[in-house]
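The values are calculated or read from the model by the stated rules, or taken from the named source; none is laboratory data. Bear in mind the structure is a predicted one, so any value in this text is a computation, not a measurement. Quick reminder, even Gly has a Cβ in these numbers, built from the backbone with ideal geometry, and neighbours come from all protein chains shown.
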Amino acid sequence: MKHIALAALLSFSLSTAQAQTSEELAKTYVNMPEVQQMMTDMFSPQSMAAQVMASMPPGVVLSETQQVAIGELMSSEMNTLRPKLEELMEATTAEIFTAEEIDALITFYSSEHGAAIMSKMGPMMQQVMGALAPDMQTMQTRITPKMIEIMSSEY
């Protein structure tokens with residue numbers, strides 16, 4: 001009995017994905033509360049301040065007030081780009097993934113585990129990038145003269 005119900009559910013899911021175009025499914029995916037919350041978190045003043053601080057050269061120290069002001073400024077500016085980000089996400093998702101794959105994304109991120117994972121991806125990447133920032137700054141300092149040389153030569 002369980003197998004019949006599972007087969008019926010799978011069949012319904014596949015027919016739903018086939019009935020909707022990739023573009024329609026991509027729009028559904030981008031407008032999911034979990035995806036919208038990810039963007040809200042990504043563009044929050046706290047997240048923006050953390051990203052700016054992670055990219056600061058060594059030795060640059062900003063007060064808490066300066067960090068808050070920079071976070072608010074960056075958040076405000078980035079949120080003006082959100083409609084374009086959503087359009088690009090919809091178009092790119094529809095272009096790269098099949099309707100069945102987008103349906104699977106929707107199903108997964110609508111689940112308890114998928115929603116939990118989505119909510120943790122931003123903080124995880126922020127932590128990873130924050131830890132990597134000093135190495136990236138060192139690398140950037142090391143390669144900048146080489147990049148200037150390449151750009152000023154007739155490669």
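Give me a count of the residues in region 50-72 that are in contact (Cβ under 8 Å) with a residue 12 or more places away in the chain and not polar (S, T, N, Q). Let's see the steps before the verdict.
Restricting attention to region 50-72, the residues satisfying the condition of being in contact (Cβ under 8 Å) with a residue 12 or more places away in the chain are 50-55, 57-58, 67-68, 70-72.
With not polar (S, T, N, Q) added as a condition, the list becomes 50, 52-54, 57-58, 68, 70-72.
Selection size over region 50-72: 10.
Taken over region 93-103, the criterion of being part of a helix (DSSP H, G or I), over 20 Å from residue 122 (Cα atoms) and either charged (D, E, K, R) or in contact (Cβ under 8 Å) with a residue 12 or more places away in the chain (or both) is satisfied by 94, 95, 99, 100, 101, 102, 103. Taken as a whole, region 76-90 holds no residue that is part of a helix (DSSP H, G or I), surrounded by 12 or more Cβ atoms within 10 Å (Cβ to Cβ), touching a residue at least 24 places away in the same chain (Cβ under 8 Å) and of a type in the set (Ser, Thr, Tyr). Among the residues making up region 1-31, those that are at pLDDT 80 or above, buried (at least 18 other Cβ atoms within 10 Å of the Cβ) and not hydroxyl-bearing (Ser, Thr, Tyr) are 25, 26, 27, 30. Considering only residues in region 35-44 that are surrounded by fewer than 19 Cβ atoms within 10 Å (Cβ to Cβ) and of a type outside the set (A, V, I, L, M), the one that is farthest from residue 90 (Cα to Cα) turns out to be 44. Scanning region 33-47 for residues that are assigned to a helix (DSSP H, G or I) and under 13 Å from the mean Cα position of the chain (by Cα) yields 34, 35, 36, 37, 38, 39, 40, 41, 42, 47. Output the residues belonging to region 20-49 that are among the aromatic types (Phe, Trp, Tyr) and touching a residue at least 60 places away in the same chain (Cβ under 8 Å). Correct list: 29 only. Please verify whether region 125-140 includes one or more residues that are surrounded by 13 or more Cβ atoms within 10 Å (Cβ to Cβ), under 14 Å from the mean Cα position of the chain (by Cα) and assigned to a helix (DSSP H, G or I). Checked region 125-140: at least one residue is surrounded by 13 or more Cβ atoms within 10 Å (Cβ to Cβ), under 14 Å from the mean Cα position of the chain (by Cα) and assigned to a helix (DSSP H, G or I).
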